[in-house]
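Everything below concerns the one structure shown next.
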Amino acid sequence: MFKRSIFAGLVAAAVVLLATPAFAHVTIDPEQAPKGSDAVLAFNVPNEMDNANTTQIVFVFPTDHPIADASTEAVPGWTVKIDKAASTTPISTDSGTVNERASQITWSGGSIPPGQFQQFRVALGLPANADSLTFKALQTYSNGQIVRWIETSAPGGAEPEHPAPVLKLTSSSETATAAPASSSSSNDNDSNALAIVAIVVGGLALIVGAIALLRRPRVS
């Protein structure tokens with residue numbers, strides 16, 4: 001009976017390890033770009049539900065550091081709409097000063113099934129006088145639920161449940177020195193993945209050992 005209890009506990013632990021889903025947020029790739037540059041940003045949108053598809057995503061542009069215009073890459077199956085609004089702050093562009101800004105971009109008509117993600121690419125000119133840009137997002141699902149990626153956190157504070165995507169703006173020197181850090185982060189992620197695999201493999205090995213122990217004939 002004791003052996004069977006151990007076996008049941010090992011099986012339950014392995015099921016939890018193997019069933020734990022990867023956690024993801026709506027993010028921007030790359031996470032940083034030079035101030036005042038022309039950049040192509042990829043907005044990554046994962047489906048985090050098991051029983052509904054993502055059918056619409058809206059990205060709201062910042063108002064404190066307005067962006068004059070944006071262009072999008074075509075995404076098969078999706079329709080895109082770029083809304084404009086008056087800007088209280090004049091915006092300097094290559095064509096002169098304008099008083100109209102991009103207010104939000106909406107993709108709709110497509111579908112992101114559970115367990116998948118979609119990337120939406122946008123080209124735009126970045127302001128030269130900001131340290132970061134926050135693009136709040138609204139993700140609509142086929143069951144009518146809307147997930148609002150609009151929360152922000154104080155520097156050094158804990159990450160909120162639904163953080164708004166943030167793009168860090170850097171000087172040229174900061175961008176150059178940031179490359180090794182990105183590589184280190186990748187190595188850390190690889191190490192974490194290997195550690196998780198090792199734990200799962202170890203758990204499975206314990207299960208196999210327990211099965212062998214249970215099947216072993218008893219000595220009279």
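The values are calculated or read from the model by the stated rules, or taken from the named source; none is laboratory data. The model shown is predicted, which means the values in this text are computed figures rather than measured ones. Virtual Cβ from ideal backbone geometry, glycine too; neighbours counted across all protein chains shown. Calculation scope for accessible area: heavy atoms of the full protein, side chains included, ligands and nucleic acids excluded. Shrake-Rupley method; radii C 1.70, N 1.55, O 1.52, S 1.80 Å.
Can you tell me which residues in the stretch 128-151 are open to solvent by less than 70 Å² (accessible area, probe 1.4 Å) and under 26 Å from SER92 (Cα atoms)?
ALA130, SER132, LEU133, THR134, PHE135, ALA137
Taking the stretch 92-127 as the region of interest, how many residues are hydrophobic (A, V, I, L, M, F, W, C), surrounded by fewer than 17 Cβ atoms within 10 Å (Cβ to Cβ) and over 20 Å from SER37 (Cα atoms)?
As a first pass, look at the stretch 92-127 and keep what is hydrophobic (A, V, I, L, M, F, W, C): 98, 102, 105, 107, 112, 117, 120, 122-124, 126.
Then keep just the ones that are surrounded by fewer than 17 Cβ atoms within 10 Å (Cβ to Cβ); that gives 98, 117, 123.
Pick out the ones that are also over 20 Å from SER37 (Cα atoms) and you get 117.
Here the count works out to 1.
What are the residues in the stretch 88-113 that are small (Gly, Ala, Ser) and over 29 Å from the mean Cα position of the chain (by Cα), if any?
Residues of the stretch 88-113 that are small (Gly, Ala, Ser), as a first pass: 92, 95-96, 102-103, 108-111.
Answer for the stretch 88-113, where residues must be small (Gly, Ala, Ser) and over 29 Å from the mean Cα position of the chain (by Cα): SER92, SER95, GLY96.
Restricting to the stretch 66-77, count the residues that are modelled with pLDDT of 95 or more and open to solvent by 40 Å² or more (accessible area, probe 1.4 Å).
Of the residues in that region, 6 qualify.
Looking at this structure, is THR54 within 16 Å of PHE135 (Cα to Cα), open to solvent by less than 80 Å² (accessible area, probe 1.4 Å) and within 18 Å of the chain's Cα centre (by Cα)?
Working: within 16 Å of PHE135 (Cα to Cα): no; open to solvent by less than 80 Å² (accessible area, probe 1.4 Å): yes; within 18 Å of the chain's Cα centre (by Cα): yes.
Answer is no for this residue.
Can you tell me which residues in the stretch 58-77 are more than 16 Å from LEU133 (Cβ to Cβ) and assigned to a loop (DSSP other than H, G, I, E, B)?
Selection gives GLU73, ALA74, VAL75, PRO76, GLY77.
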